[in-house]
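For reference, the structure discussed in these notes is given below.
Just so it is clear, none of the values below were taken in a lab; they were calculated from the coordinates. Source: prediction; values computed, not measured. Glycine also receives a Cβ, built like all others from the backbone with ideal geometry; neighbour counts cover every protein chain displayed.
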Amino acid sequence: MRSIAQSVLALLVALLIADSNASLPRRGSSNQSQNRTMSAGKAFKVLVTHPEVPQEGIDLLKENCEIIQVQSVPTNRAELLEKIRGVDGVLWGGHEPLNAEALDAAGPQLKSISTMSAGIDYVDVPEVKRRKIPLGHTPTVLNTAVADLAVGLLIAASRRFHEGRKTIDNDKWENYHLNWLLGQDIRDATVGFYGFGGIGQAIAKRLGGFDIDKVLYTTRRRVHKEIEEEFNAKKVDFDTLLAESDFIVIASPLTKDTQGVFNATAFNKMKQTAVLINIARGKIVNQDDLYEALKSKRIFSAGLDVTDPEPLSPKDKLLTLDNAVVLPHIGSATKRTRADMSTIAAHNVLRGLAGEPMLSPAY
């Protein structure tokens with residue numbers, strides 16, 4: 001069963017999305033601070049930095065704000081810096097660097113920012129914090145979609161989907177061999193998580209249906225005891241995670257401490273039958289070292305939804321390997337999830353403008 005904290009958060013998000021205006025600043029609200037900021041009409045200007053932000057979030061902002069929207073795809077930095085001037089809030093809809101340059105262009109009146117993403121490695125968080133601007137993001141609302149994709153990648157990499165499809169394309173369907181295209185079993189496996197927050201736990205929940213043996217995880221801090229009991233999970237050091245896991249799922253934020261931690265040294269400590277899954281950030285893996293580990297069959301296979309760089313060149317050597325399943329960073333790419341992300345981001349911006357705590361603050 002899910003933890004109490006997870007249940008409460010899920011209920012809160014569901015209620016907010018079902019009744020998207022329930023706790024937002026509105027004209028006529030009984031909340032005095034909201035009345036002071038919003039009662040005069042559309043007093044705030046909000047920049048939406050991408051033209052494809054789902055309408056659900058735009059509609060929320062439009063109720064009380066004048067919307068300015070960047071129209072270029074990919075985002076033209078000059079257009080963004082021009083349109084950000086003088087705005088009170090920003091819904092940051094892409095992965096353009098959010099840094100001092102953008103904040104300076106906006107001006108000192110900027111009161112509220114929210115990204116429409118879980119990871120915020122493209123944000124200069126210390127700079128935003130130094131200027132005392134509330135910053136929101138949208139982490140938990142995408143857990144389900146990313147977890148579903150992670151399980152799909154895990155199955156595809158362990159059961160050689162990519163390699164199998166290539167045999168059809170190349171007219172090498174050799175089913176007369178008894179040991180042809182044998183993969184790795186998920187049943188009774190030890191699954192290791194590098195990072196075991198909301199997304200990691202959502203993946204573990206789904207893998208429970210595959211009768212895995214146990215979960216190991218490496219994090220800075222131990223998760224609650226009830227979560228460990230729910231998933232038969234045990235906190236271990238990184239070397240133990242590498243040595244004992246049949247599958248390793250990277251579900252950690254990108255930081256200076258996690259960047260490049262999966263390198264040749266790490267791969268040499270993994271089982272030769274191990275499968276690596278990365279749904280976090282590409283830079284957590286040294287991609288040259290991963291290529292060598294896969295090519296030499298030092299590890300069995302890898303499934304990646306994130307790469308370094310992004311977009312990955314179609315001529316990248318990683319794509320020549322049969323045992324690498326590579327996707328173009330589509331973990332949260334479902335219509336429902338993106339709509340929910342825009343809704344939460346809009347809530348964050350509006351709450352920041354009203355001087356209220358954000359629904360999903362980044363700090």
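Its Kirkwood hydrodynamic radius, worked out from the mean inverse distance over all distinct Cα pairs, puts region 305-344 at 11.9 Å.
Listed by chain and number, the lysines whose alpha-carbon sits under 28 Å from that of K214, ignoring those within fewer than 8 places in the same chain, are K205, K225, K234, K235, K269, K271, K283, K297.
Using the rule -39500 (n - 2.57) for each DSSP H run of four or more residues, divided by the residues of the chain, the 222 nm mean residue ellipticity is -10500 deg cm²/dmol.
Ordering of 124-135, 323-334 by packing is 323-334, 124-135, highest average first (other Cβ atoms within 10 Å, averaged per residue).
Taken over the alpha carbons of region 244-304 as equal point scatterers, the Debye sum produces base-10 log I(q)/I(0) values at 0.29 Å⁻¹ of -1.37. Divide the volume of the convex hull around the Cα atoms of region 142-326 by the residue count and you get 119 Å³ per residue.
Taking 14 Å as the straight-line reach from the Cα of K256, the aspartates and glutamates in range (excluding those fewer than 8 positions away in the same chain) are D121, D124. The packing ranking of peptides 276-286, 339-349, 51-61, highest mean first, is 339-349, 276-286, 51-61, where packing means the average number of other beta carbon atoms within 10 angstrom of each residue. For region 216-227, backbone phi angles converted through the Karplus equation (6.51, -1.76, 1.60; θ = phi - 60°) give residue-by-residue couplings of 10, 8, 10, 9, 5, 10, 5, 6, 4, 4, 5, 5 Hz, Gly and Pro being listed as x. Neighbours of F267, meaning other residues whose beta-carbon lies under 12 angstrom from its beta-carbon, give a summed charge of +2 when Lys and Arg score +1 and Asp and Glu score -1. Listed options for volume of the Cα convex hull per residue in Å³ are (i) 138; (ii) 168; (iii) 148. The value calculated from this structure is the one marked (iii).
Sorted ascending by nearby beta carbons within 10 Å, beginning with the fewest, V261, V306 become V261, V306. Principal-axis analysis of the Cα atoms of the chain puts helix 4-18 at an angle of about 50° to the longest axis.
Principal-axis analysis of the Cα atoms of the chain puts helix 198-207 at an angle of about 40° to the longest axis. What the phi angles of region 127-133 give under the Karplus curve with 6.51, -1.76 and 1.60, with θ = phi - 60°, is a coupling list of 5, 4, 5, 4, 7, 6, 9 Hz, glycine and proline written as x. Within straight-line reach of K45, meaning a Cα separation under 16 Å, sit the following lysines at least 8 residues removed in sequence or on another chain: K62, K83, K111.
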